[in-house]
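What follows is a short report on a single structure.
The values are calculated or read from the model by the stated rules, or taken from the named source; none is laboratory data. Keep in mind that this is a model prediction, so the values were computed, not measured. With ideal geometry, Cβ positions are generated from the backbone for all residues, glycine too; neighbour counts draw on all protein chains shown.
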Amino acid sequence: MLAPLQLNGFYAGSKPIGSSNKWIVAVIDGDLLIASDNSAGVGSIAIDIDQAESLKFFRERSICIGQWQDRDCEVWELIPEAAAIDGFTRVELRSVLAKSQDAEFSLICRALQLLDWQVKHKYCGSCGQPNVVSETEHALQCHSCDIQQYPRISPCVIVAVIKDDKCLFARHPNWPENRFSTLAGFIEAGESAEQALHREVFEEVGIEIENIRYVGSQAWPYPGQLMLGYMAEAKTDVIKIDGVEIAEANWHRYDQLPDVIAPPTIMAGRLIEQFVMESKAKYG
Ligand SMILES: [Zn+2]
């Protein structure tokens with residue numbers, strides 16, 4: 001077998017390579033359980049399998065999620081009682097993602113997305129018989145009608161809409177008063193990413209956009225999204241919010257951003273960071 005590529009330590013393989021040691025990503029109800037002595041460090045999400053031995057008793061499900069730092073890596077879904085074991089700390093998912101760099105971010109998203117997918121696809125959608133986990137790939141199989149289900153990934157677009165030295169920030173109705181972000185939405189069946197961008201921005205704030213630029217992508221585990229990040233220029237600066245998906249939207253200059261915005265580890269924050277960097281170079 002070929003040695004896995006070194007993608008900053010993360011490799012989304014579906015088969016184990018048979019390494020002599022393993023890493024474990026431990027999940028409890030969508031939160032992570034990490035080794036307490038690693039709680040402040042980067043790259044601390046995976047637990048050495050020797051250290052994870054005491055968690056085995058609480059394990060409900062395990063899936064090979066590929067390789068992490070040259071070793072096979074599994075996600076273990078644990079019952080909540082595991083959080084009481086000495087030497088481990090339960091941490092909330094969002095707070096971990098906000099601090100994680102790309103490779104670790106991907107590892108966490110993969111672990112959670114595969115668990116969620118298996119739990120929610122126990123039965124064949126066509127005939128209702130129980131699905132069986134494939135032994136050769138990440139697939140769920142129905143033997144009675146020969147249908148295979150693969151992990152469901154939902155592509156979304158997220159975009160920093162820019163007008164000269166300002167960027168558009170919006171607040172969802174269920175967010176706190178001072179939290180703002182860039183616009184985002186699911187790509188509809190049949191749409192291209194570009195069509196989704198034009199539609200979402202127009203529906204949410206009544207603005208037409210042009211000069212769309214792709215920035216990058218990132219998995220987002222709520223539960224299986226793939227965020228495609230873009231910058232775009234607004235044709236006008238007149239905002240007309242829909243009042244349903246968006247409660248409030250405003251233009252902010254690059255040196256007068258809202259109080260609470262996403263960190264640059266998350267795609268929204270990365271787009272904002274890029275807007276600030278480009279605006280400083282142009283207007284600063
Ligand atoms: Zn079936």
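Overview of results
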| item | result |
| --- | --- |
| Criterion violated by residue 146 - all others in (1) within 16 Å of the ligand (Cβ to nearest atom); (2) surrounded by 14 or more Cβ atoms within 10 Å (Cβ to Cβ) satisfied | (2) |
| Strands (runs of 3 or more DSSP E) within the range 196-271 that include 3 or more residues without any contact (Cβ under 8 Å) to a residue 60 or more places away in the chain and not assigned by TED's automatic domain parsing to the domain that holds residue 31 | 209-220 |
| Which listed residue, of 188, 200, 208, is more than 16 Å from the ligand (Cβ to nearest atom) and more than 21 Å from the chain's Cα centre (by Cα) | 208 |
| Residue 183 vs. criteria assigned by TED's automatic domain parsing to the domain that holds residue 236 and either in contact with an Asp or Glu (Cβ under 7 Å, 6 or more places away or on another chain) or within 16 Å of the ligand (Cβ to nearest atom) (or both) | yes |
| Residue, nearest to the ligand (Cβ to nearest atom), within the range 95-143, restricted to residues that are among the charged types (D, E, K, R) and surrounded by 13 or more Cβ atoms within 10 Å (Cβ to Cβ) | 116 |
| Residue match in the range 165-175 (condition: within 25 Å of the chain's Cα centre (by Cα), over 22 Å from residue 17 (Cβ atoms) and within 16 Å of the ligand (Cβ to nearest atom)) | no |
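Residue-by-condition table, conditions (1) within 18 Å of residue 169 (Cα to Cα); (2) surrounded by 17 or more Cβ atoms within 10 Å (Cβ to Cβ):
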{"residue": "190", "(1), (2)": "no, no"}
{"residue": "197", "(1), (2)": "yes, yes"}
{"residue": "211", "(1), (2)": "no, no"}
{"residue": "229", "(1), (2)": "yes, yes"}
{"residue": "240", "(1), (2)": "yes, no"}
{"residue": "258", "(1), (2)": "yes, no"}
{"residue": "261", "(1), (2)": "yes, yes"}
{"residue": "270", "(1), (2)": "yes, yes"}
{"residue": "274", "(1), (2)": "yes, yes"}
